[in-house]
Amino acid sequence: MRSIEDIAAPFQMMEPDMRLELLLEYTDKLPPLPERYAEMRDAGMAMVHECQSPVFLMPEIEQNGAQTVRVHADVPESAPTARAFTAILHEAFDGATPADVRAAPDDLLDRLGLSGLLGMQRTQGLAAIYRRLRGEVARKAGDETAAQA
Amino acid sequence: MPHPRYDVLLLLPKAEGRGPSAVAGPLTASPLSDDSPRPSRPEEGFFAFFALRGDFNNPDTTPIRTRRIELLLTIHELTAHPSPMPDYAHPEVLVSTDWAAEHLDDTDRVRFVEANEDVLLYKTGHLPNAVNVDWVQDLQDDTVRDFIDAEQFAALCSRMGIEEDTHVVFYGDKNNWWACYAFWVFKLYGHADCAVMDGGRKKWEQEGREMTTDSPDFAETDYPVPGSADSSIRAFRQEVEEHMRRGGPMVDVRSPEEFKGEITHVPGLPEESAMRPGHIPGARNVPWARAANDEDGTFRPPAELAEIYEDEEGLNAQDDTIAYCRIGERSSHTWFVLTYLLGFDQVKNYDGSWTEWGNLVGAPIETGEAGS
């Protein structure tokens, strides 16, 4: 797990084309979906419908005294941008606390330097993945206020 | 205009409901010289034309020269080996993956251009010798909310080593959605020889064909700056309004939910929205992806396309028709289908689409199902 700041720093330093190369590297970093979620995915549940490609996202809260966020996701290799962005979310939030997720910046895509680079339509799908993650974490952590926000 | 690749023009007699692969009547063929005009549509009285491609000076294509003679004598060859593309109105704008595989190294005359929805996809692997065109970075200019201008288009072509007579073959992800969009932009600026690889990336990958992450580096060309953009394939809002008032046919290619006015945009992203949900009065709704086969991303055969657009929705090849969606990209796919596959006389893409119309002061809209 790395903080958003640590992940975003190299993106901010890079020229646009190198930023894409950096993003490309994340396409290999999304861990395989645990077998127990495959059935849900195949049934079309927990999909982020705003995306042009089938993005499965199932954030969970582990109750082990404290609350720990687990990010389970699957994105096809034919959608490398969504796959890379989901891998970034996994790196930033798998193992975090619900409070970390709640405190994360709204403008994550701007911080990664991706908004202008990708354009409005592409950014839309990615923003929806991020919004789903934060909404689900808040809901499952019992954070009513954040879930409605 | 010279079209040296077309050596023989075969005119197939019109036969009710039968394409070139099934026609059994007498056959005429006209050899074309390099400066012969290439007919843009089937001749009167003939079902379709079938153009053989090849360069007589190229030893690789000499078999075609022999086959030409055989084809003059008999149609059995066509019957035994169905034409690579079904009998679309303009089959010359489609190439098969087989054809593409044989022409990957033909870089002096052919340029493969990948155009994807996903900005990273090209970098993960693409056809050998294919260049990438990105619709956000290469085809649009945010500062004017418009396409790249003629100078930018010429610079783009020059950078990709494209010349005026290069045969440009587009392909991409999502059933060639963005490939058709790039094709449309190239046609706006009058590039003569454009085609789409049927099935796009999906079919190429399914067939396990060669892919590479090596980006080719072609010598820069000096593509001439085209004149003004071709307004015969692009509709602006004034024209759409007049078209609507005349009751002209329109096809809205967005999802049924968008068309009926149940949603305008992705929830939570108001900056992308139109102020009002619905569609332009009089428009029919045919979601763009219906024109493609889900399994391999190829276009549906002519009879199925005709059933969808003409029989179901009552569109007519002789009527001026306008296609639109949300920002004009999905509708470029439908524009391609209507213009080249079904042979509609005049189709325009309204690229302002719903993001413009849905926000216009004084522009009427409808919600719910299309009127009957």
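The values are calculated or read from the model by the stated rules, or taken from the named source; none is laboratory data. Quick caveat: nothing in here was measured; it's all calculated off a predicted structure. Here Cβ is always computed from backbone atoms with ideal geometry, including for glycine, and neighbour counts include all displayed protein chains. Note: areas computed on protein heavy atoms with side chains; ligands, DNA, RNA excluded. Shrake-Rupley method; radii C 1.70, N 1.55, O 1.52, S 1.80 Å.
Within segment A:84-110, the set of residues being surrounded by fewer than 18 Cβ atoms within 10 Å (Cβ to Cβ), touching a residue at least 24 places away in the same chain (Cβ under 8 Å) and in a helix (DSSP H, G or I) comprises A:D100, A:R102.
For segment B:329-343, indicate whether the set of residues that are modelled with pLDDT under 95, in the same structural domain as B:E258 (by TED's automatic domain parsing) and surrounded by 16 or more Cβ atoms within 10 Å (Cβ to Cβ) is non-empty.
Within segment B:329-343, the subset modelled with pLDDT under 95 is B:329-330.
From what's left, in the same structural domain as B:E258 (by TED's automatic domain parsing): B:329-330.
If we keep only those that are surrounded by 16 or more Cβ atoms within 10 Å (Cβ to Cβ) too, we end up with B:329-330.
The answer is yes; a qualifying residue exists.
Only one entry of B:D106, B:D165, B:D98 meets the criterion of being more than 14 Å from chain A (Cβ to nearest Cβ), in contact (Cβ under 8 Å) with a residue 40 or more places away in the chain and surrounded by fewer than 23 Cβ atoms within 10 Å (Cβ to Cβ), and that entry is B:D165.
Could you list all residues from segment B:218-239 that are within 23 Å of B:G343 (Cβ to Cβ) and open to solvent by less than 30 Å² (accessible area, probe 1.4 Å)? If the condition is that a residue be within 23 Å of B:G343 (Cβ to Cβ) and open to solvent by less than 30 Å² (accessible area, probe 1.4 Å), then B:I233, B:R234, B:A235 are the ones that fit.
Restricted to segment A:65-80, and to residues that are touching a residue at least 24 places away in the same chain (Cβ under 8 Å), out of contact with any helix residue (DSSP H, G or I) (no Cβ under 6 Å at 6 or more places or on another chain) and of a type in the set (G, A, S), which residue is surrounded by the most Cβ atoms within 10 Å (Cβ to Cβ)?
By that ranking, first place goes to A:A79.
Within segment B:349-359, is there a residue that is open to solvent by 20 Å² or more (accessible area, probe 1.4 Å), acidic (D, E) and over 15 Å from the mean Cα position of the chain (by Cα)? Yes, the conditions are met somewhere in segment B:349-359. Taken as a whole, segment B:110-118 holds at least one residue that is more than 29 Å from A:A84 (Cα to Cα), in the same structural domain as B:A179 (by TED's automatic domain parsing) and modelled with pLDDT of 95 or more. In this structure, A:T81 qualifies as assigned to a helix (DSSP H, G or I), more than 11 Å from the chain's Cα centre (by Cα), polar (S, T, N, Q) and within 13 Å of chain B (Cβ to nearest Cβ). Only residues that are under 24 Å from B:A182 (Cβ atoms) and acidic (D, E): list them for segment B:343-370, please. Residues satisfying the conditions are B:D345, B:D351, B:E356. Mind listing whichever residues of segment B:200-225 are under 19 Å from B:Y122 (Cβ atoms), more than 14 Å from chain A (Cβ to nearest Cβ), in contact (Cβ under 8 Å) with a residue 60 or more places away in the chain and not β-branched (V, I, T)? If the condition is that a residue be under 19 Å from B:Y122 (Cβ atoms), more than 14 Å from chain A (Cβ to nearest Cβ), in contact (Cβ under 8 Å) with a residue 60 or more places away in the chain and not β-branched (V, I, T), then B:E207, B:R209, B:E210, B:D214, B:P216, B:F218 are the ones that fit. In the set (1) buried (at least 17 other Cβ atoms within 10 Å of the Cβ); (2) assigned to a helix (DSSP H, G or I); (3) more than 10 Å from chain B (Cβ to nearest Cβ), A:L117 fails one condition alone, (3).
Quick one: is A:D94 modelled with pLDDT of 95 or more and farther than 24 Å from B:L121 by Cα? Here the answer is yes, as A:D94 does meet what is asked. Looking only at residues of segment B:127-161 that are open to solvent by less than 30 Å² (accessible area, probe 1.4 Å) and among the β-branched types (V, I, T), we find that the one that is modelled with the lowest pLDDT is B:V136. Within segment A:84-107, if we keep just the residues that are of a type in the set (A, V, I, L, M) and within 14 Å of chain B (Cβ to nearest Cβ), the residue that is nearest to B:I327 (Cα to Cα) turns out to be A:A84. Can you name every residue in segment A:120-140 that is surrounded by fewer than 17 Cβ atoms within 10 Å (Cβ to Cβ) and either touching a Gly at 6+ places or on another chain (Cβ under 7 Å) or within 18 Å of B:D118 (Cα to Cα) (or both)? Selection gives A:M120, A:Q121.
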